[in-house]
Amino acid sequence: MGQLIYIIDTNVIADLIKKDTDVIQQIRHHQADVLCLCQPVDYEVRRGLLHKQAQRQIRDYETHIRPQFQWVALTNDDWQQAAQLWAQTHRTGRQFADTDLLIAAIAKRLNGIVVTADDDFDALSIRRENWRKFL
């Protein structure tokens, strides 16, 4: 079947920071696939940890968690796709955080699967998995 591309959402990183054994097992299970960390998620993780002044967790994130993932930077096309998604969803009365729209845009570009516990992503016509439910 080949390698799958997974774009990891912020709540998955939070689970890893909390050392959630189920999510850790899923990460190990998917090591043969491409596990991606993107700029919007990095931003959300960092701002939350900085707000809490969680220095130990910041170090853990930077030294142990972040290196497990392939880095994915935003492109100009991602910004355009996110704007399109914002317009489409706004017309139907749905509102999404810009970071979620950017994550969805990256998933569309890479033909990837967003790993998240956030059901809102289902309205964005992308593939999604919730690794909290798998085990």
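Odds and ends about this structure:
- The residue pairs whose first member lies in region 17-36 and is outside any helix (DSSP H, G or I), whose second member is of a type in the set (S, T, N, Q), and whose beta carbons are closer than 8 Å, counting only pairs six or more residues apart or on different chains, are Ala32/Gln3; Asp33/Gln3; Val34/Gln3; Val34/Gln70; Leu35/Gln68; Leu35/Gln70; Cys36/Gln70.
- Any hit, region 83-104, residues being under 25 Å from Gln3 (Cα atoms), in contact (Cβ under 8 Å) with a residue 24 or more places away in the chain and of a type in the set (Gly, Ala, Ser): no
- Consider region 59-117 and keep the residues that are under 26 Å from Leu16 (Cα atoms), of a type in the set (Phe, Trp, Tyr) and at pLDDT 95 or above. The one that is surrounded by the fewest Cβ atoms within 10 Å (Cβ to Cβ) is Trp71.
- Matching residues in region 45-78 - criterion: being more than 28 Å from His30 (Cα to Cα) and assigned to a helix (DSSP H, G or I): Leu50, His51, Gln55, Asn76
The values are calculated or read from the model by the stated rules, or taken from the named source; none is laboratory data. Keep in mind that what you see is a predicted model, and the values were worked out from it rather than measured. All Cβ positions, glycine included, derive from the backbone under ideal geometry; neighbour counts span all protein chains shown.
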